[in-house]
Amino acid sequence: MSNLLATMSLATGALAAEQSALTETANNVANVNTPGYSRKQPQFGENPPIVLGQLTFGTGVSLENAASIRDPILQIRIQQETGTQGELSAFVNAMQQVQTQFNNQGNDIGTQLSALFASISQLSTSPASIALRQGVLTAASNLASSISTTANNLESQQANLDLSVTQSVDQVNTLTQQIAKVNGQIAALENLHQDASAFIDQRDVLVGQLSNLIDVSQIKTESQISLTTSNGTALVAGTQAFTLTTQPDPSGLEHIFSQGNDVTSQLNSGQLGGLLQVRDHKIPSLLVSLNTLAAGISNSFNAANASGFDLNGHQGADIFVPPAASGAGAAAGMAVAITDPALIAASSDGSAGSNGNLANFSAIHDQTTFNGETPSDFYGSLIFSIGNDVSSGSIEQQASQLVLQQLQDQRGSISGVSLDEEAGNLVQYQRAYDAAARVVDTVNQMLETLINMGTT
């Protein structure tokens with residue numbers, strides 16, 4: 001009878017093990033669409049045998065654990081590529097908005113610049129015509145308005161990007177606090193030798209979201225992780241999160257600080273990296289170029305007008321408001337200084353019918369005083385630079401998306417749930433459970449027979 005009870009113990013142990021395996025398989029199926037979930041694989045182990053003399057008796061099976069299938073190195077690679085993708089996405093989106101400022105067909109700077117020189121050419125046919133003179137003033141005003149509007153729009157976009165930087169920093173702080181909390185939950189469970197895989201998956205998802213915002217380097221400890229930026233700025237250390245703060249610089253743009261240190265220039269990945277690249281480098285560079293163009297046009301036309309005589313026989317005055325000597329703010333403040341078309345100095349000798357001085361205006365078209373380029377070529381180079389940034393960024397973004405998708409597919413093949421595989425496991429564990437149940441039923445019948453024999 002003791003042998004029957006031992007067999008019953010073996011069978012009930014198998015029932016418990018297979019039932020636990022069925023539970024883990026059902027949990028895999030339930031989380032097939034859960035982002036970041038790593039499938040669990042039941043790990044069966046043979047119980048220690050019993051040795052009686054020269055005989056060894058097995059004691060059955062038990063479910064040792066349900067191991068989460070994951071590749072930590074692959075996960076880190078995904079997080080790195082997520083940071084690259086976040087940076088390129090933010091950069092391309094911002095530069096596409098910049099590009100729209102220069103693509104206003106019919107009202108863009110290049111069109112207005114051509115229209116100004118065309119109006120001067122028309123005026124040369126009848127230099128005393130008030131209507132043609134008004135056409136020159138209108139063209140000059142349209143050019144000034146186009147340049148100033150573009151510069152003001154760029155400054156507005158810079159302010160919007162500055163707001164996005166502040167919002168991204170807030171999101172980073174929220175995520176680092178959540179990661180620090182999950183670190184503590186993982187440590188608490190693992191210290192009790194309990195399964196913390198659900199929290200590890202949750203932490204991986206949070207670190208992925210953080211990588212999309214800021215460049216992240218991961219340091220693994222026994223049961224926790226520490227996170228820093230690529231330049232060593234602390235983000236998370238165990239259960240402690242290090243808060244980032246923002247403070248405006250003299251220009252009003254927000255800089256990012258960590259423990260009192262300005263780390264703005266050190267952030268080069270994630271959405272923050274892309275936003276800062278456009279806010280602190282691309283837009284300021286474009287504004288400098290626009291200031292150079294505006295100051296050059298204003299000074300050149302003012303000098304040309306001063307070299308001739310207007311319809312009143314007086315020496316010409318400034319056509320455009322003179323820019324500052326440094327050129328700072330020349331684009332945003334560009335405006336026409338005169339409203340009377342008679343003040344255009346077309347004459348070279350003071351007579352009303354002379355158009356000799358208009359040659360000085362027309363010569364500006366071919367002057368290479370704009371960093372060695374003509375006004376049209378200088379503006380064309382500016383447009384090319386913007387288009388090249390958008391094009392190159394888009395190509396890199398698409399390449400990064402492809403790499404990230406391949407990495408995620410690779411993770412899916414390792415850690416993802418396959419419904420076909422889980423269906424096969426369900427059948428396997430169910431059959432094993434049914435077989436163990438039949439053993440229990442058989443032993444139960446045998447025990448009942450023995451007991452009845454004893455009463456008889």
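What to note about this one:
- Solvent accessible area, Å² - V263, 1.4 Å probe, full protein context: 10
- Excluding same-chain neighbours fewer than eight residues apart, the lysines reachable from K181 by a Cα-Cα span under 27 Å are K40, K220.
- What the range 386-456 shows is 65 Å² of accessible area per residue, with the surface traced by a 1.4 Å probe over protein heavy atoms.
- Charge-dipole axis of the range 322-456 as Lys and Arg at +1 and Asp and Glu at -1 on Cβ define it, positive-most pick from V417, G327, N452: N452
- Nearest-0.05 FRET efficiency for N3 and D71, computed from C-beta distance (R0 41 Å): 0.30
- Cα pair distances in the range 331-372, grouped into 5 Å bins until the bin that holds the longest one, percent each: 5, 18, 16, 19, 23, 12, 6, 1
- With contacts taken as Cα pairs under 8 Å and at least 6 residues apart, the range 334-395 reaches a relative contact order of 14 percent.
- Efficiency of FRET between E448 and T239 - r from beta-carbon atoms, R0 45 angstrom, step 0.05: 0.20
- Couplings 3J(HN,Hα) of the range 38-54, computed from phi: 10, 4, 9, 10, x, 10, 8, x, 6, 5, x, x, 10, 10, 10, x, 9 Hz, in residue order, whole Hz [Karplus 6.51 cos²θ - 1.76 cosθ + 1.60, θ = phi - 60°; x for Gly and Pro].
- Relative contact order %, the chain, counting alpha carbon pairs below 8 Å whose residues are six or more apart: 23
- One Cα centroid belongs to the range 1-71, the other to the range 77-123; the line between them spans 63 Å.
- Surface composition of the range 307-363: carbon and sulfur make up 54 percent of the accessible area, probe 1.4 Å.
- Built amide H within the under 5 Å cut-off of N65, gap 5+: Q43
- Relative contact order of the range 306-442, defined on C-alpha pairs under 8 angstrom at six or more residues apart (%): 16
- Taking a point 7 Å from the Cα of N261 along the Cα-to-Cβ direction, the residues of the range 204-241 with backbone N closer than 12 Å to it are 229-235.
- Taken per residue, the accessible surface of the range 68-211 reaches 43 Å², heavy atoms only and a 1.4 Å probe.
- Cα pair distances of the chain binned at 20 Å [whole percent]: 19, 30, 22, 15, 8, 4, 1, 0
The values are calculated or read from the model by the stated rules, or taken from the named source; none is laboratory data. For clarity, every value in this text was computed on a predicted model and none was experimentally measured. Using ideal geometry, Cβ is built from the backbone for each residue, glycine included, and neighbour counts are taken over all protein chains shown. Ligands, DNA and RNA are excluded from the accessible area calculation, which covers all protein heavy atoms including side chains. Shrake-Rupley method; radii C 1.70, N 1.55, O 1.52, S 1.80 Å.
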